[in-house]
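Right, one structure below, let's go through it.
The values are calculated or read from the model by the stated rules, or taken from the named source; none is laboratory data. The shown structure was predicted, so the numbers you read here are calculated from the model rather than taken from an experiment. Don't worry about glycine lacking a Cβ; one is built from the backbone with ideal geometry, like all the others, and counts go over all protein chains shown.
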Amino acid sequence: MLGMSGARLRTAIQGSTWKICLSHQIWPHPIHSCPPQKNKSLSMPTSSESEPGLAEGSDVPDAPAAPIGRTSFPPPWPVMGEIKCPHCGSTQVRPSHKHAGDTVRMIYRCRACKRHFKIASPRSRLKIFAGAALLVLLLIGLTAGLFLGKSSDPSPQPSIDISDDKMLASAQAAAKHGDPQAQYDLAWIYWKHADYPQALPWIKAAASRNNAEAENLLGMAYLKGYGTVQNFRAALEQFTKAAGHGHLEAQYQLGIFYRDGIGTPSNKELAYLWLNIAAARGHQEAPVLRDKLAMIMSVEELTRAQEASAQALTQLSGAEKNPM
């Protein structure tokens, strides 16, 4: 009946009866042919009454009104046919009228077993994956920053080319004549090639002449046990000498030694002092350790450590300007 044109519909209405399908509702199903049913007669409305299904002055019937309380369904997130009922495994599922607009989970109803189930929306899964990806990128960035900011070498590398026999012979001659810088340069060449037994005598020789780089490198040798037995107390002594001579890495190492109690009893105030000095002089990792240490210190300890570090920094700056 709904498929008729206006002229045919008007001709059908002029008869005494309507042939209608009583087995199907017209809304919300699409137009389809009804199965054969027994015809029933309905009396025609009088001319004074409005004809149901026809708008005034129009040959086309009005669209039927939606039933009260019926809401439109949101489009299913997964493609229909790809969803399986978790209870019976059927793919004959549809969005349920119980769905209340939840953007995280969609409620479906299985036509086979008549049961309801929920499925997480792709949008919520996408948010989870995006958050995880962002977290991974942040961790990669932090790790890369730490590795880029941290130098694996405790001291700057000398400008001696080990492949240049003439330059190497000249450095050896200067080192034998007591030049502390040449002794350190020669020691560093052996150190970089992991020849620690050959490096250690030259390191000690340069350190005995108050070379700050050699003192720091000797402290690292005692700390790691390279070319000699491991000795934390001896490492602390060498780092203290190098820090007093203005070596930045040695000052940072002293902060760790006093913080963790390596070769000496733990002392938070001295640890803060050296970390604060290293941070003030531009060490990249010292501010992080200093601030973490400050969080577990009392107000009195922190005040004393800050005052002492200010005085020590002034003395170190004066010593660097007026070397002995």
Residue list for the stretch 210-230, restricted to those being surrounded by fewer than 19 Cβ atoms within 10 Å (Cβ to Cβ) and free of Cβ contacts under 8 Å to residues at least 24 places away in the same chain: Lys224, Gly225, Val229, Gln230
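Filter the stretch 260-281 down to residues that are in a loop (DSSP other than H, G, I, E, B) and of a type outside the set (A, V, I, L, M, F, W, C) and give me whichever is farthest from Gly225 (Cα to Cα).
The first filter runs over the stretch 260-281 and keeps only residues in a loop (DSSP other than H, G, I, E, B), leaving 261-267, 281.
Add one more test, that the residue is of a type outside the set (A, V, I, L, M, F, W, C), and what stays is 261, 263-267, 281.
Numbers: Gly261: 18, Gly263: 14, Thr264: 18, Pro265: 21, Ser266: 22, Asn267: 24, Arg281: 28 Å.
By that ranking, first place goes to Arg281.
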Would you check if Gly227 is within 30 Å of Glu300 (Cα to Cα) and not in a helix (DSSP H, G or I)? no
(1) part of a helix (DSSP H, G or I); (2) surrounded by fewer than 20 Cβ atoms within 10 Å (Cβ to Cβ); (3) at pLDDT 95 or above all hold for Phe257 apart from (2)
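Anything in the stretch 166-197 that is charged (D, E, K, R) and surrounded by fewer than 19 Cβ atoms within 10 Å (Cβ to Cβ)? List them, or say none.
From the stretch 166-197, those charged (D, E, K, R) are 166, 176, 179, 185, 192, 195; that's our starting set.
Answer for the stretch 166-197, where residues must be charged (D, E, K, R) and surrounded by fewer than 19 Cβ atoms within 10 Å (Cβ to Cβ): Lys166, Lys176, Asp179, Lys192, Asp195.
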Enumeration of residues in the stretch 260-269 that are out of contact with any Asp or Glu (no Cβ under 7 Å at 6 or more places or on another chain) and within 19 Å of Leu313 (Cα to Cα): Asn267
With respect to Glu237, is the statement that it is surrounded by 13 or more Cβ atoms within 10 Å (Cβ to Cβ), assigned to a helix (DSSP H, G or I) and under 32 Å from the mean Cα position of the chain (by Cα) true? no
When Gln284 is run through (1) part of a helix (DSSP H, G or I); (2) in contact (Cβ under 8 Å) with a residue 60 or more places away in the chain, the failure sits at (1)
